[in-house]
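The values are calculated or read from the model by the stated rules, or taken from the named source; none is laboratory data. Every value quoted in this text rests on a predicted model; they were computed, and no experiment measured them. Every residue, glycine as well, gets a Cβ built from its backbone with ideal geometry; the counts of neighbours run over all protein chains shown. All accessible areas refer to the heavy atoms of the entire protein, side chains included, with ligands and DNA or RNA removed. Shrake-Rupley method; radii C 1.70, N 1.55, O 1.52, S 1.80 Å.
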Amino acid sequence: MALSHAKSEPMDTSGEASDFDPVNLESSIIQLCLQFPNGVSDKILENSFRSVTMQQRVSALNRLLSLNKIDLLKSSSEPGTFLYRIRDTTNGLGSSITVTGGVIDQMERVVYQLVKESGNLGIWMRDIRIKTKLSQTILTKTLKSLESKKLIKAVKSVHASKKKVYMLYEMTPDPTITGGTWYSDHEFEAEFVRVLNEQCARLLDERLEEATTKFPNDPFLRRTSSLVSSVDLVALINEMGIATVSLTVQDIESILYTLISDGKVEKTTVATTANNETGNRQSLYRSVRSMLDSSPVVRNPCGICPVFKDCHDDGLITPKTCIYLNKWLNF
């Protein structure tokens, strides 16, 4: 991929020649590029022109790039490495390239390709700057240009609301970026999750009651009849119209997992002839009811607290300010 500016490098005043001629340097660079049709790296240029400072070399390269005599390309064999190659004037591309209907210059093409390679996960602006070695000002201008041409778009991540990732305009962001079904405008929909939690528990409770009424004296049939697959549950939930979007099996199973953690539901996996997302297995769920209420002592939160070892009389984690312990003491 071609770029229209050379990488900016720090000034190096060591070994500066008094008889330096920029025109001769440009001619020498062109001759060197002709010797390496696949491109010349910075290392080759540095070894070939040891008497020339970095600033002089970069100035000559930028002038050759601005005159469309050479191209700056990404190396396919060495990630993160750029090559200078003599401009191919026979392909008729000139200094601009057409990408999906939008005309972009060579610098934009390099950025566009990096964004494209990131897929639906997107790429941070910092990563683009590191890979292209472009300055913040030039990169910001390039990204805005690509956005105005509807070639790329900026998407806010739920993991860092003040930062954006860039991806192709037509790409659907990965759920890990947007938060999926449980986020709206980058805010967690706690009320929506609570309603789904209650509805799933209610549907499983109703199935259990039906099975108990139908098979009061047969515990085996009562248990098997109370099982409901996650596929059936998601169909029932979608029919209710609770969500504005169509929920998936994975969405409902994440809700059911919270019910399992609360001890309200149990999960059973059985073999099936149908080949679905999980292969030849099917997840079945049923409501469970404890025969006896657990003792308050058993429900002591300290027994399952993940930061129990860090809890002390004085400090950030202390029984004095623990909301879970205070709630348990009010049983």
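Structure summary
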| read-out | value |
| --- | --- |
| Listing of strands (runs of 3 or more DSSP E) fully contained in the stretch 1-103 that carry 3 or more residues being closer than 27 Å to Leu143 by Cβ and modelled with pLDDT under 70 | 96-99 |
| Near pairs, Cβ below 7 angstrom, 6+ apart or cross-chain, from the stretch 238-253 (more than 16 Å from Tyr183 (Cβ to Cβ)) to any residue that is open to solvent by less than 70 Å² (accessible area, probe 1.4 Å) and in a loop (DSSP other than H, G, I, E, B) | Asn238/Leu247 |
| Any pair with Cβ under 8 angstrom, 6 or more apart, that starts in the stretch 150-172 at a residue that is surrounded by 12 or more Cβ atoms within 10 Å (Cβ to Cβ) and ends at one that is modelled with pLDDT of 85 or more and of a type in the set (S, T, N, Q) | Val165/Ser118; Tyr166/Ser118; Met167/Ser118; Met167/Asn120; Met171/Asn120 |
| Residue in the stretch 306-318 that is in a loop (DSSP other than H, G, I, E, B), modelled with pLDDT under 80 and open to solvent by less than 60 Å² (accessible area, probe 1.4 Å) present | yes |
